[in-house]
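To start, the structure itself, in structure tokens.
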Amino acid sequence: MQSLNTCFKIQEVNIMSEVKRYIPTFDVLVRGKISELVETGKIKGEIIIPWEIVTLLEKLSENNDVIGDRGLSEIKKLRKYPPEIVSIRLVGDSNGVISPEEVESLIRRVAYFEKAILITDKKTHLKLAEALGIECLCIETEKPDRLLIERYFDKQTMSVHLKENVIPFAKKGLPGRWEFVPIRETPVTKEEIEEIIEDVKKRRENGDCFIEIERKNLMIVQLRDFRIVITRPPLSDGLEMTAVRPVVKLSLEDYNLPYELIDRLERKAEGILIAGAPGEGKSTFAQALAEFYKRKGKVVKTIEAPRDLQLPDEITQYSKSIASSKEIHDILLLSRPDYTIFDEMRTTEDFELYMDLRLAGVGMVGVVHATSPIDAIQRFVERVDLGLIPSILDTVIFIEGGKVRKVYEVTLSARVPYGLKREDLARPVVEVRDFFTKQKEYEMYVFGKRVFVIPVKKRGEAVDFQEFIIGAIKEALSTYVEWVKVEFVSDREAIVYVPNVNFKALEKRLRRRLKKIERKYRVSLTLQPFVNYDKYVAFKFSEEY
């Protein structure tokens, strides 16, 4: 900064001049506030601008950043005023290059040596200027509470999609029941989007905003309850902004879940997967589950990218965009939460982090995109040994239209898989059952080097066949017993329960009858006496018979 120091020495003789000197901060300059102050007569004198700032504005303008254009336009506008009202003096190194992070430090330095009045719109700048003995003019200390992006939202709006020179669109409705509709008839301009981006950046000063990712052509922001994604060319073919906001916030009680599921979530489930298509309400349910665990006195933390779950301050939210998977792994193992909510699991690294934490004993709740609940489980199949899946996942909850549509429980057994007959083919089998009916729907097993996921219940046809077999069994055994209960574990495999009274005397006759049905209809039937059976099932028996 040799020429800047030289400039300082030259000006030392003029310090006592009556002409007031002003130097604006970068934000004040690019927002056009200096010309507004001149128009209203609030300032009159000399405006000092470092050459390095001019060079930075030129660079931004070359990169199609509207901020650079605004700053240069403001300087051009100031030069049109008569010299007796406003004059501009450029100081510093005309060949100097400065990064955006160094801008404010340079401006304070110039203000200090030039004995100039610093024009700012931030309280932090005002406090620092007072500490350094720099005279300061603060033109705006309070930020407007309403966000510019909110002008595109109403109570029914889930997300807003803005792209330069395109009509703005919005998703309106509720999860699973929304419409994609235009907001207005005229296209949105690049300047309008840049104005919103500038407003977003200013919110960082107030702590309203978390900037998860900030690169040359990409920015991902969590601003209050808005998740905002901004892309620029050449990453996208035009300046684009997508803002998403949750339209509903529910508690777990609002889902009206059966007591059995609530009890499982509270006492038994520690490897939970929440699955569903985009926009169906997965994150809303995960949010409700996190608050449920907090109310139960559990220590809850989250892993998000970006952080968009709306949770109380007691729940710490970690950003996977800021820390690496290894760092988050170490943090959670040392802090030992009871449950960790892992929102938006996408990559193999995400699944590996989930598995490592779960096997270390941390209760995990993962959120994944899937069009069916079995698809969510299959995303783990190629990433882990099949026998470990029940240790990682025990409960799968499928969300559709904002409601719980399906719940699976995952268990492990050792036997001959469905579809195979020979006893020497017995092996570990992962069973996926409907949580409420206990009906097995899928089996997973390794045969050769491949993992097979086999549906064991075909809807419609299988149900009719099972009803036919139940009728045939009851008719065959009615001569010997008063009632029979048949429980299918697959479409061709069932357990037959009969009263334990005189069971030993009747066992051979009953088995002969069942063998005939097995040979005729190619099913597998296991005979068992009714002893200490579940009270709920016993009550159903008493109603039926």
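Every number here is computed from the coordinates shown, using simple stated rules; none is lab data. Owing to the predicted nature of the structure, the values given are computational and were not obtained by experimental measurement. For neighbour counting, all protein chains shown are included, and Cβ atoms are generated from backbone atoms with ideal geometry for every residue, glycine included.
Tabulated data
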quantity	calculated
Reach of K294 by Cα under 23 Å, taken over lysines that are not fewer than 8 positions away in the same chain	K249, K268, K282, K320, K403
Over the chain, relative contact order from alpha-carbon pairs under 8 Å, at least 6 apart, %	7
Cα long-axis angle, helix 535-544 against the chain (0 to 90 degrees, to the nearest 10)	60
Helix-only mean residue ellipticity at 222 nm for the chain, each DSSP H run of n ≥ 4 adding -39500 (n - 2.57), per residue, nearest 500	-10500 deg cm²/dmol
Cα long-axis angle, helix 325-335 against the chain (0 to 90 degrees, to the nearest 10)	70
Percent of beta bridges antiparallel (DSSP, the chain, rounded to nearest 5)	60
Under-5 Å amide H pairs with S524, H placed in peptide plane, nonlocal only	E493, A494
Extension gain, K326 back to Q378 (0.36 nm per residue minus Cα-Cα distance, nm)	16.3 nm
Efficiency of FRET from Cβ geometry, S236 and E260, R₀ 35 Å, rounded to 0.05	0.15
Segment R422-K249, length gained on full extension (0.36 nm per residue, minus Cα span)	57.0 nm
Cβ-derived FRET efficiency at R0 45 Å, F436 paired with K123, nearest 0.05	0.20
Structure-derived Rg/Rh (Cα atoms, Kirkwood Rh) - corresponding label in (1) 1.00; (2) 0.96; (3) 1.18	(3)
Among 365-371, 79-85, the order from most to least packed when residues are scored by Cβ within 10 Å on average	365-371, 79-85
Gain in span if fully extended, E493 to V453, counting 0.36 nm per residue against the direct Cα distance	12.6 nm
Rounded to 10°, Cα long-axis angle of helix 66-79 versus longest principal axis of the chain	20
Cβ-derived FRET efficiency at R0 51 Å, E314 paired with L132, nearest 0.05	0.80
Exposure proxy ranking, count of Cβ atoms within 10 Å, fewest first, for S283, S73, S324	S324, S73, S283
